[in-house]
Amino acid sequence: MTPQTAKAPAVSASLSSNRAFLKRVFENCHDISFDHWSYGADLGYEALSVYCRTLVPEDRNPYVKQTLHDLTGLDSGAAATATPSAVGSYFQSGGVAKQGFAVVRELSEVVDLVLQGCVVLFFDQWDGALVYHAPEIEKRPVSEPVNEPVVHGPREGTVEDLGKNLGLLRQRIPSSDLKIEWISAGRLSKTSIAFCYLEPVVAPDLLAEFRRRIAGLERYDVPETSYVEDWIQDSAYSPFPQFRYTERTDTATAALMEGKIAVLVDHTPSILIAPAYLVDFIGSSEDYYVRTVYASMIRLLRLLAFSIALTLPSIYIALSTFHSELIPTVLLLAILDTREGIPFSAFVEALIMEISFELLREAGIRLPRPVGPAVSIVGALVIGQAAIMAKIASPIMVIVVALTGIASFAIPNYGMGIALRILRFPYMVAAAALGGFGLMIAMLLTLLHLTSLHTLGQPYLTSLAPFRWKDMRDIVVRIPLKQLLRSPRSRRLSIPSNGRKDPG
């Protein structure tokens, strides 16, 4: 509630009093329109419509005319006998109207509704107001998500309209078990936040913990979904993401069926999936739309890419600096030959090239889309060749950095890719300081952090620890869907809405 409406009075029977209050509240708001009307016998009664021109279409319906038409059931010319008392009694008793309406009694509600795209009608000598919902803003149509492309599978993605996104989820799960709860956040923005879950599937303690954490968010303005993540996450300083984002309705639906909670914020297309475990960042929605052998092979490649993106530069630094005896003689001679004349150590050389690659990657993202990829590719080629010719970096180091970058692009989740980019530098420092021993210490510290990390109160390594063979059927490889559907990873998913357990 804004300061102007904190002590707003009730709607007055005096039209001039209501108009004066709204004029004061909407002072210097030049997109708020006040239209005056006359109606009734000899046009002896006054009416006022208030709306926001930037939210209501220009060719808006004449709501006063429509209101009088609903009241009399006649053409507008025959509405001369309408009086303010007739208008009030008719609509207060829920009279039939062509347009959906509501009757409000508080001017604070009127202010909020006008700013939400409603047309509000006041009638002199009536202490109520009629509200018609009439927003019409250009919105992006449903299309394929840019950040999550697939070769096989649905092309349906979310948009910036919360109602439309919830409708897309409801279309995929037309069941009363899909529960949707709403909260409104922010004194100024009044952002609508919805969270969805499947009642027979979600764990009650998980849902209770989520409600407890999100309870205090109503006091703050939430312009985007990431604000919700920052509010409810367990560890704000961990490099590993504890929740997933998606703009694909099929991915969100699959998460709901696994017992997860989906959080949607108005005016943003990203869906927050809570909780998210480490294994959730390895898979992709397309894994379930292709054959088992291909999906399993792709997952193994992703695991290899995960290892390369995290450790390849540090392994090269450790081997070339401390453990050259582990490198085959022919390869070692080739590396020494390419490093001849390089004034930097392997660590400094790797640091320069990695920072250059990260700058190119960031520049490619921030530049306009038509020129961004071209600039990043040309920049990488030119800088790499120039660094070799200037004896700043060796060819083998350029290859190592390029392989590391390519491997990081193979990670299907952007948040996990950022985590690997962050961890890569401490790993390089550890390898430069203590060689393979330092690299082992860094890996052990990472493992200790992962074992202690939680997401919404749940262990981050769920499905990996404690180790069970049956939990591996949809992690490293993907077993055939026929078997996977009979024994889903979430045990609670096998409980249908009637309470009977699935015999599978």
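Suppose every K and R has +1 on its Cβ and every D and E has -1 on its Cβ; what is the size of the dipole of the chain about the Cα centre, in Debye to the nearest 20? Display every interim value, and only then the final one.
Values: 46 positive and 49 negative charges, 319 e Å.
Result for the chain is approximately 1540 debye, rounded to the nearest 20.
From the P(r) of the range 208-337, can you give the percent of Cα pairs sitting at distances over 16 Å? Please list the in-between numbers first.
Values: 6163 of 8385 pairs.
Pairs farther apart than 16 Å: 74 percent.
Considering every pair of different Cα atoms, what Kirkwood radius, in Å, is found for the range 364-428? The partial results should precede the final answer.
On the way: mean 1/r = 0.0746 Å⁻¹.
13.4 Å is the Kirkwood radius here.
Tell me which trypsin sites (Lys or Arg not before Pro) from the range 399-483 have a DSSP coil assignment and no more than 10 other beta carbons within 10 Å of their own. Don't skip to the end; give the middle numbers.
On the way: sites: R421, R424, R468, K470, R473, R478, K482; in loops: R468.
Here the sparse-neighbourhood loop sites are R468.
Using Cα-Cα distances under 8 Å and only pairs 6 or more residues apart, what relative contact order does the chain have, in percent?
Numbers: 768 pairs, mean separation 68.4, N = 504.
Over the chain, the number comes to 14 percent.
Restricting to Cα pairs below 8 Å that are 6+ residues apart, what does the relative contact order work out to for the range 288-459? Please round to a whole percent.
Numbers: 146 pairs, mean separation 65.7, N = 172.
Reported as a whole number, the value is 38 percent.
Let me understand the range 288-459 better: what is its radius of gyration from the alpha carbons, and its Dmax, in angstrom?
When restricted to Cα atoms, the range 288-459 yields Rg and Dmax of 17.8, 54 Å.
Measure out, as a whole number of angstrom, how far apart the alpha-carbon centroids of the range 409-456 and the range 324-343 sit.
Each part reduced to its Cα centre gives a spacing of 27 Å.
Sequence gap at least 6, Cα distance under 8 Å: using those rules, report the relative contact order of the range 162-276 to the nearest whole percent. Show your work: numbers first, answer last.
Values: 188 pairs, mean separation 35.9, N = 115.
Contact order relative to length: 31 percent.
Report, in whole Å, the centroid distance computed from the Cα atoms of the range 240-267 and the range 146-195.
9
Taking the simple approach of a point 7 Å from Cα along Cα-to-Cβ for both D230 and L115, what is their distance in nm?
2.2
Rank H323, H152 by accessible area, highest first, at a 1.4 Å probe radius?
Numbers: H323 50, H152 95 Å².
From most accessible down to least: H152, H323.
Mind listing P(r) for the chain? All alpha-carbon pairs, 10 Å bins, whole percents.
Binned Cα distances yield the sequence 3, 14, 20, 19, 16, 12, 8, 5, 2, 1, 0.
If I model a spin label as a point 7 Å beyond the Cα along the Cα-Cβ vector, how far apart are those points for S324 and I418 in nm?
4.0
Once each part is reduced to its C-alpha centroid, what is the distance from the range 7-33 to the range 205-238 in angstrom?
Spelled out, the Cα-based centre of one part sits 36 Å from the other.
Principal axes first, then extents: for the Cα atoms of the range 100-172, list largest minus smallest coordinate on each axis, whole Å, largest first.
Between the extreme Cα coordinates on each principal axis of the range 100-172 lie 64, 21, 17 Å.
If each residue of separation counts as 0.36 nm, what is the full-extension length gain between T446 and Y294 once their alpha-carbon separation is subtracted? Numbers along the way, then the final one.
Working: separation 152, 0.36 × 152 = 54.72 nm, distance 3.04 nm.
Result: 51.7 nm gained on full extension.
Given 20 °C and 1.002 mPa s, how large is the Stokes-Einstein diffusion coefficient of the range 424-475 in µm²/s, with Rh as the Kirkwood radius over Cα pairs?
Working: Rh = 12.7 Å.
Answer, rounded: 169 µm²/s.
Summing -39500 (n - 2.57) over the DSSP H runs of n ≥ 4 in the chain and dividing by its residue number, what mean residue ellipticity at 222 nm do you reach, to the nearest 500 deg cm²/dmol? Show your work: numbers first, answer last.
On the way: 16 runs with 216 residues, N = 504.
Result for the chain, helices only: -13500 deg cm²/dmol.
Give me the accessible area per residue for the range 162-276, probe 1.4 Å, as a whole number in Å².
With all protein chains present, the range 162-276 gives 40 Å² per residue.
Mind giving me the FRET efficiency for A390 and A363? R0 is 25 Å, r the Cβ-Cβ distance, nearest 0.05 is fine. Could the numbers behind the result be given before it?
On the way: r = 21 Å, r/R0 = 0.83.
After rounding, the FRET efficiency stands at 0.75.
Net charge around V104, counting only other residues with Cβ within less than 14 Å of its Cβ (Lys, Arg = +1; Asp, Glu = -1)?
Numbers: positive: R105; negative: E106, E109, D112, D127.
Every neighbour counted, the sum reads -3.
With θ taken as phi - 60° and the coefficients 6.51, -1.76 and 1.60, list the Karplus ³J(HN,Hα) couplings across the range 245-256 in order, rounded to whole Hz; mark glycine and proline as x.
So the Karplus estimates, Gly and Pro as x, are 10, 8, 10, 9, 5, 5, 5, 5, 5, 4, 5, 4 Hz.
Local charge sum around N413 (other residues, Cβ-Cβ under 9 Å, Lys/Arg +1, Asp/Glu -1)? Could the numbers behind the result be given before it?
Working: positive: R244; negative: D280.
It works out to a net charge of 0.
For the chain, with all protein chains present and a 1.4 Å probe, just round the carbon and sulfur fraction of the accessible area to a whole percent. Present the calculation step by step, with values, prior to reporting the outcome.
Details: 15890 of 25690 Å².
Exposed carbon and sulfur together represent 62 percent of the surface.
Can you list, bin by bin at 10 Å, the percent of alpha carbon pairs in the range 162-276, starting at 0?
14, 49, 33, 4
The values are calculated or read from the model by the stated rules, or taken from the named source; none is laboratory data. Predicted model, so just to flag it, every value in this text is computed and none were measured. Cβ coordinates were reconstructed from backbone atoms using ideal geometry, including for glycine residues, and neighbour counts include every protein chain displayed. The area values use the complete protein model at the heavy-atom level, side chains included, leaving out ligands, DNA and RNA. Shrake-Rupley method; radii C 1.70, N 1.55, O 1.52, S 1.80 Å.
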